[in-house]
Amino acid sequence: MAVCLPSADFAGESVFQMDAFGFHDKMSSWWCGKSVSYDLCSNTSGSCTGNNGMTGAGNARSANAGHNDSLDRVVLRYYDASEQGAVVTFSDSDCR
């Protein structure tokens, strides 16, 4: 399954409730492109940080979503690394 921003110059955010796609609590891996900021949320509303999910930006992917099979919402926004830098950090020692 793929969820995407409407266009490369989209200025807002796109929110995808995974149950609307029949994908509630089924996501295990992900891949986002260089111009995307993302929130992967284990709840249908509220914060996506800490135990509620993960956030990031830029070209990144993982075979292990960290909150495997418990993600309920994906929030995508346009991201430009020349305007704001980003880093990818991992909580596991095997960088997944």
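GLY56 fulfils the conditions (1) under 13 Å from the mean Cα position of the chain (by Cα); (2) at pLDDT 85 or above; (3) not in a strand (DSSP E or B) except for a single criterion, (3). Residues of the stretch 72-96 being surrounded by 10 or more Cβ atoms within 10 Å (Cβ to Cβ), of a type in the set (Gly, Ala, Ser) and modelled with pLDDT of 75 or more, which ones? Matches in the stretch 72-96: ALA81 only. Among the conditions (1) farther than 14 Å from ASP80 by Cα; (2) under 11 Å from the mean Cα position of the chain (by Cα), the only one that ASP25 does not satisfy is (2). Pairing residues of the stretch 42-55 that are surrounded by fewer than 14 Cβ atoms within 10 Å (Cβ to Cβ) with residues that are among the hydroxyl-bearing types (Ser, Thr, Tyr), at Cβ distances under 8 Å and at least 6 apart in sequence or on separate chains, gives THR49/THR55; ASN51/SER42.
Scanning the stretch 19-32 for residues that are of a type in the set (S, T, N, Q) and surrounded by fewer than 12 Cβ atoms within 10 Å (Cβ to Cβ) yields one hit, SER29.
Residue-by-condition table, conditions (1) part of a strand (DSSP E or B); (2) at pLDDT below 85; (3) farther than 30 Å from ASP9 by Cβ; (4) within 11 Å of the chain's Cα centre (by Cα):
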residue	(1), (2), (3), (4)
ASN43	no, no, no, no
GLY46	no, no, no, no
ASN51	no, yes, yes, no
ARG61	yes, yes, no, yes
SER70	no, yes, yes, no
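Residue check: is SER35 among the hydroxyl-bearing types (Ser, Thr, Tyr), crowded, with 16+ Cβ neighbours inside 10 Å and at pLDDT below 80?
Considered against the rule, which asks whether it is among the hydroxyl-bearing types (Ser, Thr, Tyr), crowded, with 16+ Cβ neighbours inside 10 Å and at pLDDT below 80, SER35 comes out as no.
Note on the stretch 5-18: among residues that are surrounded by 11 or more Cβ atoms within 10 Å (Cβ to Cβ) and out of contact with any Ser or Thr (no Cβ under 8 Å at 6 or more places or on another chain), the one that is nearest to LEU71 (Cα to Cα) is MET18.
The values are calculated or read from the model by the stated rules, or taken from the named source; none is laboratory data. Bear in mind the structure is a predicted one, so any value in this text is a computation, not a measurement. Because the Cβ atoms are built from the backbone with ideal geometry, glycine has one as well, and the counts that use them run over all protein chains shown.
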